Amino acid sequence: MEAWRRALNDPVSAFPIAKAGPAHIATLKTFDPPLAALEGRTLRGAERRGKRLLFPTDDGELVLLVHLMTAGRLKHLGPGDKGPKTPAFALEFEGGSKLVLTENAKKKRAGVWLLTPEGAEAELEHLGPEALGLDAAALGEIVHGESRRMHALLRYQPVIAGIGRAWANEILHAAKLSPYALSKDMKDDEVERLATAMNDELARGLELRERGASDEATYRVHRKLGEPCYVCGTPIAQVDFEEHTIFYCPACQTGGRTLKDRRLSRLLR
């Protein structure tokens, strides 16, 4: 999301908005103010809070908030560039460039909100501190203040903002921690490893994304089922849940044990 923010910051602030919309009925989450209120205004740029992108107007009156969820994609198109026939949401700028949101999924979960600054603040107030930049001391307080399995905790936005399923997989592998390890049982050296892995992996991902790297080139564990672990060569394993999949290395992370989901057997740490 930070790579997207950086890439969009300058283009979206270059020209006033000529047309706001169309927006899919499942994507647009607000109706007051109406999208048309954006027309004629200029965006100040792109900002980010956790996994959400924010586009405030330069007059300070409105904030366009976008949450891409899992399948949403946001792209800036230059004048004349070919875009999707039916985007989930679009802004057209004077001069012909566009900002388009697409979502290649059966369930439309990506969302767009047009809010006042106060409304945007209220929408984001539940989020925890940003993941990138957290040190071991702050992370330790968070980890020991919760009783969650580590993969779930890293994705729980009210305690740590900005980590999704894929990066939870990458971070826990780099930290050599089981996805099922309990946060309250984390030792000081494990918290140190986790803090280092979290900052190193997110920085690595940001650098690669800014260079235009694909998912395949960026992820080293996520969606690599059966491929050799880049550290030890053990085939990457997975645990399936209804809404997400955990990928991990049995040798590096679980002492050779296979993790099972609730649908098949009891949880193993």
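Here are some notes:
- Helices (runs of 4 or more DSSP H) fully within the stretch 188-269 that include at least 3 residues being closer than 18 Å to Ala168 by Cα and in contact with a Gly (Cβ under 8 Å, 6 or more places away or on another chain): 188-210.
- For the stretch 119-151, a residue qualifies if it is within 25 Å of Lys29 (Cβ to Cβ) and of a type in the set (Gly, Ala, Ser), and the qualifying residues are Gly119, Ala120, Ala122, Gly128, Ala131.
- Test result for Arg193, over 25 Å from Glu2 (Cα atoms) and touching a helix residue (DSSP H, G or I) at 6+ places or on another chain (Cβ under 7 Å): no
- Filter result for Lys85 (of a type in the set (D, E, K, R), out of contact with any Asp or Glu (no Cβ under 7 Å at 6 or more places or on another chain) and under 27 Å from Leu127 (Cα atoms)): no
- Single condition His222 does not satisfy, out of (1) closer than 17 Å to His151 by Cα; (2) in contact with a Ser or Thr (Cβ under 8 Å, 6 or more places away or on another chain): (2)
- Among (1) of a type in the set (Asp, Glu); (2) closer than 22 Å to Arg257 by Cβ; (3) open to solvent by 50 Å² or more (accessible area, probe 1.4 Å), the one test that Glu170 misses: (3)
- Identity of the residue in the stretch 11-26, closer than 18 Å to Leu62 by Cα and within 22 Å of the chain's Cα centre (by Cα), that ends up most open to solvent (accessible area, probe 1.4 Å): Ala23
- Cβ-Cβ distances below 6 Å connect the following pairs, each with a first residue in the stretch 175-186 that is closer than 13 Å to Arg257 by Cα, a second residue that is surrounded by fewer than 21 Cβ atoms within 10 Å (Cβ to Cβ) and modelled with pLDDT of 95 or more, and a separation of six or more residues or different chains: Ser178/Thr254; Tyr180/Arg149.
- Verdict on Ile142 being assigned to a loop (DSSP other than H, G, I, E, B), open to solvent by less than 40 Å² (accessible area, probe 1.4 Å) and β-branched (Val, Ile, Thr): no
- Residue check for Leu208: surrounded by fewer than 18 Cβ atoms within 10 Å (Cβ to Cβ) and touching a strand residue (DSSP E or B) at 6+ places or on another chain (Cβ under 7 Å): no
The values are calculated or read from the model by the stated rules, or taken from the named source; none is laboratory data. Since the model is a prediction, treat every value here as computed from it, not as a measurement. Virtual Cβ from ideal backbone geometry, glycine too; neighbours counted across all protein chains shown. SASA here: full protein model, heavy atoms, side chains in, ligands and nucleic acids out. Shrake-Rupley method; radii C 1.70, N 1.55, O 1.52, S 1.80 Å.
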